[in-house]
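Colleague: Could you have a look at this structure, given as structure tokens, before my questions?
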Amino acid sequence: MSPAKLISILLAASAVDMASASTTLTADNVELTGSVQNGVVSYLGIPYAQPPSGEWRWRAPRPLPMGEPVRNLGHFGPSCAQPYIEAMADQNVDPEKTSEDCLYLNVWAPEDASDQPYPVMVWLHGGGFRIGGTGLELYNGEQLAREGVVVVTLNYRLGRLGFFAHPALQQEDEATGNFGLLDQIQALRFVRKHIGTLGGDPGNITLFGESAGGASVLYLMAAKQARGLFDKAIVQSGAIDMPELSRAEMAELASVFADNAGVAEASAEQLRALPLETVLATLPQGKTDTMPFIDGRLIEQSVYQAFERGEVAPVPLLIGSNDYEAGFFPPGFSLRVPDIMGPELWRQAQAYADGYAQASGVEAENDGHDTYAQAAQVATDLFVTLGTRRVARAHAARGKPTYRYEFTYVPPGERNETLGAIHTADINYVFGNNLADDADTQAMGRELRKRWVAFAKSGKPNDDDQPTWPTYGQDDETLLHFTPQGTRMGAESNAARLNFLESLGSLQIN
């Protein structure tokens, strides 16, 4: 590594694993301890803002103190405080590994990154804006960094701590209420400032995320405060059906929360003095009650309105979704659809839903036309496919480079067990973690990572040895399909069903 950056590799390889060594980095006001393994250097638990706890709960994130060196933990920082949600099972973070002191990020960089700056990919995790964290093995960035990028993952405030608009807080000039999004913006500022020291190119940053992380990417594209902090965007299953409540609606929910917490008519100081356990346990805590909302300052309008008006960052966008998103949720998520639509509309919708008969080897009742399978197709479209097409069309209509995909890949060993690729299924392929060992699955992972990395490098998801993925536009709505038979370019799989559902207007499913 470059002596100019004062990087010293300490010969601390263990007798058990001679491929790893510890490393220190001292330069440009950072003093970091990292690990070198398999050609990748990782720096874990880097603080990017001061702890948002105590009197700083429900405030905008504060930059680190000027003049003090930035030191990392050497391990993953705590995930942001969050309730344990029984329905989410093993997707929950260990409560012992959560805290209000959680604004940390992690960096993985190729070992030779000091000699040639690499493109940077900044990941925003999902979890419904309520749960999750970067310490999950799912988001380990080593494999992706090995493809020739610097990978950054970060925590941001969640749930009631991340999205809260009590009237007492609204009296403070700095309080927008979308604190989780403000955290993400502060992290991006930190990355722009320091990533050059860590081997990344501060002028080539791609923001990417899945589910709530993908939705965050869209919100940051629309937020003026985030303008200029990233150069490209990747949205994986993130154009989701969001409630997008108003500030007044969020304030009403916050007042009910305060009343239930025993501090009706509370001051900001009383709210901040509430025990963390009370904040996490007091109702209402519904998933739609703790999501980004239109605060009039950071988020000025619906994210879909922002795209259709062209009032978003003019950066290249890669966006897509999975074909069986609804399969991530309990069956009731999909089986509500006939009731939401009503008998007449549901009968019409059934004419457009084949129950995955064409895409899956799963034997379903009535030749693939059982109620659940049909409802799951429609639920998937209402939840994310419609929004994905809407955002892609709007961005492309403004002349911005846009690429759209559909992910339907299922590993060979699971093809008779599932109707398609569920929500979150694509994450393993992007990061290269927890994939099945068969050659087919491994090849799909390499294909997807090469596309993502090519996009991060140049704004075009094309590699020399891959077929050209054309831009998405009004005259050519070609998608790249990641299928069990490999990748192929093609038209929208279910355009007629999407057109029908779009004609119905808003049907809230999330």
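Laboratory data are not the source of any read-out in this text; all were calculated from the coordinates shown. These numbers were taken from a predicted model, which means no experiment stands behind them. FYI the Cβ positions are ideal-geometry reconstructions off the backbone, even for glycines, and counts take in every protein chain you see.
Colleague: Could you give me the percent of Cα pairs per 10 Å distance bin for the range 388-510, shortest bin first, beginning at zero and ending with the bin that holds the maximum distance?
Modeller: Pair shares across the bins are 11, 38, 35, 15, 1.
Colleague: If one computes the Cα centroid of the range 192-229 and of the range 301-341, what distance in Å separates the two points?
Modeller: First find each Cα centre; the distance between them is then 21 Å.
Colleague: Let me ask you something else. What is the antiparallel percent of DSSP beta bridges lying wholly in the range 28-315, to the nearest 5?
Modeller: Once the DSSP bridges in the range 28-315 are tallied, antiparallel ones form about 40 percent.
Colleague: Next up: Please name whichever of MET66, ASN38, ALA168 sits farthest to the positive end of the charge dipole of the range 28-315, dipole taken about the Cα centre and charges placed at Cβ: Lys and Arg +1, Asp and Glu -1.
Modeller: Of MET66, ASN38, ALA168, it is MET66.
Colleague: Three principal axis extents, largest first, for the C-alpha atoms of the range 262-363, in Å?
Modeller: Principal extents (Cα only, largest first): 58, 38, 29 Å.
Colleague: How much length is gained if the chain between GLN301 and ALA495 is pulled fully straight, taking 0.36 nm per residue apart and subtracting their Cα-Cα distance, in nm to one decimal?
Modeller: Contour length minus Cα-Cα distance gives 67.1 nm.
Colleague: Averaging over every viewing direction, what projected area does the convex hull of the Cα atoms of the range 28-315 cover, in nm²?
Modeller: Orientation-averaged projected area of the Cα hull: 14.3 nm².
Colleague: Could you state, as a whole-number percent, how many of the C-alpha pairs of the range 455-507 are farther apart than 18 Å?
Modeller: Of all Cα-Cα pairs in the range 455-507, 48 percent lie more than 18 Å apart.
Colleague: Related question: Would you pull out the residues with amide H under 5 Å of VAL122's amide H, same chain only if 5 or more places away, H placed 1.01 Å from N?
Modeller: VAL152, THR206, LEU207, PHE208
Colleague: For the range 163-237, what does the convex hull of the Cα positions come to per residue, in cubic angstrom?
Modeller: 96 Å³
Colleague: Where the only charges are on Cβ atoms (+1 Lys, Arg; -1 Asp, Glu), what is the dipole of the range 423-510 about its Cα centre, to the nearest 20 debye?
Modeller: Value, rounded to 20: 220 debye.
Colleague: Each label point is 7 Å from the Cα along the Cα-to-Cβ direction; what then is the distance between the points at ARG488 and GLU31, in nm?
Modeller: Output for this residue pair reads 5.9 nm.
Colleague: On to the next question. Once the piece of chain linking ASN416 and GLN474 is laid out straight, how much longer is it, given 0.36 nm per residue of separation minus the C-alpha distance between them?
Modeller: 17.2 nm
Colleague: Right, next: What fraction of the DSSP beta bridges in the chain is antiparallel, stated in percent and rounded to the nearest 5?
Modeller: Counting DSSP beta bridges with both partners in the chain, the antiparallel share is about 45 percent.
Colleague: For the range 114-175, just the Cα atoms, rotate onto the principal axes and tell me the three extents in Å, largest first.
Modeller: Principal axes ranked by extent give 50, 25, 13 Å for the Cα atoms.
Colleague: Once label points are set 7 Å from the Cα along Cα→Cβ at both PHE329 and ARG398, what is their separation, rounded to one decimal in nm?
Modeller: 2.8 nm
Colleague: If each residue's Cβ is checked for other Cβ atoms within 10 Å, how do MET88, MET489 rank with the fewest at the top?
Modeller: Going from least to most buried by this count: MET489, MET88.
Colleague: Looking at ALA379, GLY445, PRO411, which one has the Cα that reaches farthest to the positive end of the dipole of the range 374-464 (charges on Cβ: Lys, Arg +1; Asp, Glu -1)?
Modeller: The Cα lying farthest towards the positive end belongs to ALA379.
Colleague: Quick one: check the C-alpha center-to-center distance for the range 23-76 versus the range 86-133, whole angstrom.
Modeller: 13 Å
Colleague: In what sequence do TRP108, TRP452 fall when counting other Cβ within 10 Å, fewest first?
Modeller: TRP452, TRP108
Colleague: Here's a follow-up. Stretched out fully, how many nm does the piece from GLN171 to GLN225 gain, at 0.36 nm a residue minus the Cα gap?
Modeller: Between GLN171 and GLN225, full extension yields an extra 17.4 nm.
Colleague: Return one quarter of the surface area of the convex hull spanned by the alpha-carbon atoms of the chain, equal to its mean projected area, in nm².
Modeller: Mean orientational projected area (the chain, Cα hull): 24.0 nm².
Colleague: Follow-up question, since we're still on this one. Hey, got the dipole for the chain? About the Cα centre, +1 on K and R Cβ, -1 on D and E Cβ, debye to the nearest 20?
Modeller: 1420 debye
Colleague: So if R0 is 45 Å, what FRET efficiency would ILE340 and THR24 give, r being the distance between their Cβ atoms, rounded to the nearest 0.05?
Modeller: 0.20
Colleague: Reachable lysines from LYS457, Cα under 27 Å, same-chain residues fewer than 8 places away excluded?
Modeller: Partners found: LYS5, LYS193, LYS224, LYS232, LYS400.
Colleague: With each pseudo-label sitting 7 Å past Cα toward Cβ, what's the ASP438-ALA87 distance in nm, one decimal?
Modeller: Result: 3.3 nm between the two label points.
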